[in-house]
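Undergrad: One structure is given below, represented as structure tokens, and several questions about it will come after.
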Amino acid sequence: MPTTANAAHALGDVTASDSTLRRFLHGLPGVDTVGLEARAASLGTRSIKTTAKAYAIDLAISMVDLTTLEGADTPGKVRALGAKAVRPDPTDRTTPTTAAVCVYPDMVAVAKEAVAGSGVKVASVATAFPAGRAALGVKLADVRDAVAAGADEIDMVIDRGAFLAGNYMKVYDEIIAVKEASGAARLKVIFETGELSTYDNIRRASWLGMLAGADFIKTSTGKVAVNATPANTLLMLEAVRDFRAQTGVQVGVKPAGGIRTTKDAIKFLVLVNETAGEDWLDNHWFRFGASSLLNDLLMQRQKLATGRYSGPDYVTVD
Amino acid sequence: MASAFEYAPAPESRAVVDIAPSYGLFIDGEFTEAADGRVFKTVSPSTEEVLSEVAQAGTEDVDRAVRAARKAFEKWSALPGSERAKYLFRIARIIQERSRELAVLETLDNGKPIKETRDADLPLVAAHFFYYAGWADKLDHAGFGANPRPLGVAGQVIPWNFPLLMLAWKIAPALATGNTVVLKPAETTPLSALFFADICRQAGLPKGVVNILPGYGDTGAALVEHPDVNKVAFTGSTAVGKAIARQVAGTKKKVTLELGGKGANIVFDDAPIDQAVEGIVTGIFFNQGQVCCAGSRLLVQESIQDELLDSLKRRLSTLRLGDPLDKNTDIGAINSAEQLSRITSLVERGEAEGAERWSPACELPSAGYWFAPTLFTNVTQAHTIARDEIFGPVLSVLTFRTPDEAVAKANNSQYGLSAGIWTEKGSRILAVANKLRAGVVWSNTFNKFDPTSPFGGYKESGFGREGGRHGLEAYLDV
Amino acid sequence: MSEKTEKTEQRRLSVFKTYKLYVGGKFPRSESGRVYEVTDSKGEWLANAPLSSRKDARDAVVAARKAFGGWSGATAYNRGQILYRVAEMLEGRKDQFVREVADAEGLSKSKAAVQVDAAIDRWVWYAGWTDKIAQVVGGGNPVAGPFFNLSTPEPTGVVVVLAPQKSSFLGLVSVVAPVIATGNTVIVIASEKSPLPALSLGEVLATSDLPGGVVNVLSGKTAEIATPLAAHQDVNAIDLAGADDVLAKELEIAAADNLKRVVRPQAVDNADYFANPGIERLTAFLETKTVWHPTGALGASGSSY
């Protein structure tokens, strides 16, 4: 896979200065709100049945970043989450593991131990998640802590204040710095799309994140009123598709927050399939940031296998 | 289409619709055979399966139907508007109740995807009746003076591309204003109109107010010609529209014509590209391009041609062509063998004249009438495919350099039905829309319809408007 | 033309007027070089009028088409000002028109004056309509969806008008003014028997700030001029006010070739042009254009802009 350095080369020196970066981001094609949402809604009417549904459910399970991001998180809670990620359905060993567990930095070590040997990754939110309102040094320390504790992936938040104030270079530099601090860990860049407010901003943020070396672009923290939607995810899928076409660099997408049902998850997979394409139909390139989604996927999986509807007592509550 | 995530077949159930082996004409509230006993078969264009055998109306039947409509006119036009309104509201509701059945029926008889009949045709049909129902007792306020009078008997001839929707566009305003109707559906798609006759019976509509006469062009001509028809409404080809205009010359018949088009979809360099691509696709591949207001000419600013075409081709590769009853089908069957051969010959002409043809990899079913989504580049205004209406899934791509050139090329057509403008600049939308000689202009969208909004063409795309307050005028003596 | 003065025995020899066509803002003679005799209601010679040929008709279409862009693109306010200016100019030349109408229609001076006054008032009526018709017949439509659309009337284009045969001036004004009020351009075929008021109107229009080509006046044999115009592919509409039933049917058939908008003759040829003019003659030559715009999302979906 080509590196970020290639990306910069393919796009010329758009990040050379504040003004070149601004001109580039503001020169991206606009987004028509109604058209974007209509396209997302239209793909949402795809009817995914039988074999396609079975495929989609297993794929979705394998893409879940099983998440707990509570002030009340304890080692016990995180261990339970890890066990669930490794063995989502104890009654059916053919169930795939989730992609990762996602926790705060201080829980990384616990999580790491809980999933050891399973192939399930540990992702950690960092950079003063969710608000991101801290000095850069604090944010970087947060990242280094998580990496030191064994995080495979870092989910950072961008400085939305800087972005909305038009300080794109500040946002860019910060992502570069976090990327460096992340070392070998894959970096997911959270835009908090609900706070960026416009689709034009989401497109600009996507490109800004990718130019700075994001491995994933991620919609939201799950901590604000509006999180992942089919429309904003569709828009980000267009961005990664176009970025690869221009630079050769493939970037992943992670919608997070608000995706609770199998039906929803399948709609997102249809978006992936028909927008970015099958290269993204893999948990290396697409994730769901979710918690309750997993049990619904498991119940639907049981229904497909047995032909009868399952109930919440037949999946584990962790 | 990605092979990893192959959508399994998801067919809509055919069982919701019960098609009888034969249907009669609907005259004076009764189903009846044609006077000369003639019948014709209607087939499903996606399979060529015979769906039913339908009575074929002749001159005698036309006369009988017009007399029934004339007889019914006296009482129907004298009804208080509020009572006529309630009949139309009943019809609208029954259509909503039976919409799945009608959607499947329409898909079977027409060949268009269930996704479209379910999500576009049927909701619009019900909405149209709902809209005009409300006008029936408010005509004094429609801006045509106090107590505007109906014309009498309306002879209506509709096409096969949106059979039930075109019926709604014709019948709803006619009945709301107090006219009675004799309607001829197209010979390839008579079934939904005959089901509509049944809905009229369920609604308790007085006999003779709506009469349905399946048949071919000669039936339509007899209807237009009938001396006791006061109003002629036609949707179809420009050639037939001209013939009708000649037929009614020197009479007192009021005429509205919704005819062909060669809509220009203009994409400027500052367009929202992804949405423009969707709009281009909707513009020409909705209903297999068998849409009079289709955006069949793409005018793209030369500076973004390559980028746009790449995106468009990639997008076309995801279109799913096949069984129209499958809920995931985007492109259904062409309506008839005749239409398929017309499309085929125009496409061959395009190639012969030097335009460059492209289609995505696309497997066509072996039975039925099919045509792959097709795109022509290197097209100029001089090419036949840039001038003639193809009425199929075929897009001609032309370029322009400046807004003036875009407008000049867009208007350089004998038609003037529709156009699209794609730009993020508000003042450019308004300036260009202002200069386009077309009855419907969509900015940053395409192929949107609504019962409140007048629809109809400039120039050889016909005259008169359907929909909205404007649509009442065609059925009033004003 | 010949006014006696009682004081002198010697009659002053009057200066005759050469009547000419009005095409593209200019006053050409007929391309054919031919004229025909125009007589008053008693058969007395009044003047020679140009006998327009097919080529004159063709030139008039070219002029009208050329003028269409500017005239239809002018503001409605500006068109209103110009139509009102026509009324002002006519008021000042009333005596001339009263005389011409009296001669043409065999009316007394006072009856002719009533006609001319009504014609002037008709210009005023339509001058006031130019910037109101769009509000009356256009408007926004409440679309069920995240869209806004607006229907506006637009002029049809180049319109051929067969002026009424009997009402040589009021009838003429009644059919010409509404056509141009909305931005169409017109080729009017004057009353065959009584073309002089129409030809004189051209002179008034030329001095009323009306751009050349907006109104083009042809005189001659109505059927001869109308036939090629009804078939002309660059004409968008035809008003058959001055055609008899036989000619009207022929012209309507010819007009179908490019689907011209056709206004059939009134039930009575000598329509009551004194009646409240209404807006039918305005709307007859208007197209409705509906322009759709997305409005952004209707609900709060987070990113609605």
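The values are calculated or read from the model by the stated rules, or taken from the named source; none is laboratory data. Just so it is clear, the structure is predicted and the values come from calculations on it, not from any experiment. Glycine gets a Cβ as well: all are built from the backbone with ideal geometry, and neighbour counts include every protein chain shown.
Undergrad: Looking at A:ALA52, A:ALA60, which one is surrounded by 16 or more Cβ atoms within 10 Å (Cβ to Cβ), touching a Leu at 6+ places or on another chain (Cβ under 9 Å) and within 14 Å of chain B (Cβ to nearest Cβ)?
TA: Only one candidate qualifies: A:ALA60.
Undergrad: Of the residues C:TYR77, C:TYR36, C:TYR19, only one is in contact (Cβ under 8 Å) with a residue 12 or more places away in the chain and part of a loop (DSSP other than H, G, I, E, B); which?
TA: C:TYR19
Undergrad: If a residue must be in contact (Cβ under 8 Å) with a residue 40 or more places away in the chain and more than 11 Å from A:GLY252 (Cα to Cα), how many such residues does the range A:269-287 contain?
TA: 5
For every residue, the table says whether it meets (1) away from chain A (no Cβ under 14 Å); (2) assigned to a loop (DSSP other than H, G, I, E, B).
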site	(1), (2)
B:ARG315	no, no
B:ALA333	yes, yes
B:SER341	yes, no
B:ARG349	yes, no
B:GLN381	yes, yes
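Undergrad: Please work out which one of (1) more than 13 Å from every other protein chain (Cβ to nearest Cβ); (2) in contact with a Lys or Arg (Cβ under 9 Å, 6 or more places away or on another chain); (3) under 14 Å from B:SER192 (Cβ atoms) is the condition B:ALA126 fails and give its number.
TA: Going through (1) more than 13 Å from every other protein chain (Cβ to nearest Cβ); (2) in contact with a Lys or Arg (Cβ under 9 Å, 6 or more places away or on another chain); (3) under 14 Å from B:SER192 (Cβ atoms) one by one, B:ALA126 breaks only (1).
Undergrad: Same structure again: Quick check: anything in the range A:245-254 within 11 Å of another protein chain (Cβ to nearest Cβ) and either at pLDDT below 95 or assigned to a helix (DSSP H, G or I) (or both)?
TA: Taking every residue of the range A:245-254 in turn, at least one turns out to be within 11 Å of another protein chain (Cβ to nearest Cβ) and either at pLDDT below 95 or assigned to a helix (DSSP H, G or I) (or both).
Undergrad: Given the conditions (1) surrounded by 21 or more Cβ atoms within 10 Å (Cβ to Cβ); (2) over 30 Å from A:ALA16 (Cβ atoms), and given that A:THR94 satisfies all but one, which numbered condition is not satisfied?
TA: (1)
Undergrad: Could you count how many residues in the range A:26-70 are within 21 Å of the chain's Cα centre (by Cα), farther than 30 Å from C:PRO294 by Cα and of a type outside the set (A, V, I, L, M)?
TA: So the answer is 7.
Undergrad: Identify, by number, the condition in (1) on the phi < 0 side of the Ramachandran plot; (2) more than 14 Å from chain A (Cβ to nearest Cβ) that B:GLY464 doesn't meet.
TA: It fails just one condition, (1).
Undergrad: Among (1) within 14 Å of chain B (Cβ to nearest Cβ); (2) among the small types (Gly, Ala, Ser); (3) touching a residue at least 60 places away in the same chain (Cβ under 8 Å), which single condition is A:SER47 missing?
TA: A:SER47 satisfies all of (1) within 14 Å of chain B (Cβ to nearest Cβ); (2) among the small types (Gly, Ala, Ser); (3) touching a residue at least 60 places away in the same chain (Cβ under 8 Å) except (3).
Undergrad: Considering only residues that are within 14 Å of chain A (Cβ to nearest Cβ), touching a residue at least 12 places away in the same chain (Cβ under 8 Å) and surrounded by fewer than 23 Cβ atoms within 10 Å (Cβ to Cβ), which ones fall in the range B:424-446?
TA: Those that are within 14 Å of chain A (Cβ to nearest Cβ), touching a residue at least 12 places away in the same chain (Cβ under 8 Å) and surrounded by fewer than 23 Cβ atoms within 10 Å (Cβ to Cβ): B:GLU424, B:LYS425, B:ARG428, B:ILE429.
Undergrad: Among the residues of the range B:8-42, how many are within 14 Å of another protein chain (Cβ to nearest Cβ) and under 30 Å from the mean Cα position of the chain (by Cα)?
TA: Result for the range B:8-42: 5.
Undergrad: Looking at (1) part of a strand (DSSP E or B); (2) within 18 Å of the chain's Cα centre (by Cα); (3) of a type in the set (A, V, I, L, M), find the lone condition where B:ALA438 falls short.
TA: (1)
Undergrad: Taking into account only those residues within the range A:287-318 that are surrounded by 21 or more Cβ atoms within 10 Å (Cβ to Cβ) and among the aliphatic types (A, V, I, L, M), which is farthest from A:MET63 (Cα to Cα)?
TA: A:VAL315
Undergrad: Quick one: would you say B:THR377 is within 20 Å of B:SER413 (Cβ to Cβ) and in the same structural domain as B:CYS292 (by TED's automatic domain parsing)?
TA: Yes.
Undergrad: Give A:THR67, A:THR33 a once-over and let me know the one that is away from chain B (no Cβ under 14 Å) and buried (at least 21 other Cβ atoms within 10 Å of the Cβ).
TA: It is A:THR67.
Undergrad: Moving to a separate point now. Does B:SER453 count as surrounded by 24 or more Cβ atoms within 10 Å (Cβ to Cβ), away from chain A (no Cβ under 14 Å) and without any contact (Cβ under 8 Å) to a residue 40 or more places away in the chain?
TA: For B:SER453, the condition - surrounded by 24 or more Cβ atoms within 10 Å (Cβ to Cβ), away from chain A (no Cβ under 14 Å) and without any contact (Cβ under 8 Å) to a residue 40 or more places away in the chain - is met.
Undergrad: Please pick out the residue among B:LEU139, B:LEU79, B:LEU51, B:LEU108 that is within 20 Å of B:PHE26 (Cα to Cα) and away from every other protein chain (no Cβ under 14 Å).
TA: None of the others qualify; the one that does is B:LEU51.
Undergrad: Restricting to strands (runs of 3 or more DSSP E) lying wholly in the range C:127-191: which have 3 or more residues that are in contact (Cβ under 8 Å) with a residue 24 or more places away in the chain and surrounded by fewer than 20 Cβ atoms within 10 Å (Cβ to Cβ)?
TA: Qualifying strands (runs of 3 or more DSSP E): C:147-155.
Undergrad: A follow-up question, please. Working carefully through the options B:ILE212, B:ILE244, B:ILE266, B:ILE304, find the one that is within 12 Å of chain A (Cβ to nearest Cβ), touching a helix residue (DSSP H, G or I) at 6+ places or on another chain (Cβ under 8 Å) and among the β-branched types (Val, Ile, Thr).
TA: B:ILE304
Undergrad: Mind counting the residues in the range A:178-226 that are in a helix (DSSP H, G or I) and over 20 Å from A:ALA290 (Cα atoms)?
TA: 19
Undergrad: I'm trying to understand the selection: among the residues of the range B:228-241, which are in contact (Cβ under 8 Å) with a residue 12 or more places away in the chain and either within 8 Å of chain C (Cβ to nearest Cβ) or out of contact with any helix residue (DSSP H, G or I) (no Cβ under 8 Å at 6 or more places or on another chain) (or both)?
TA: B:ASN230, B:GLY236, B:SER237, B:THR238, B:GLY241, listed by residue number.
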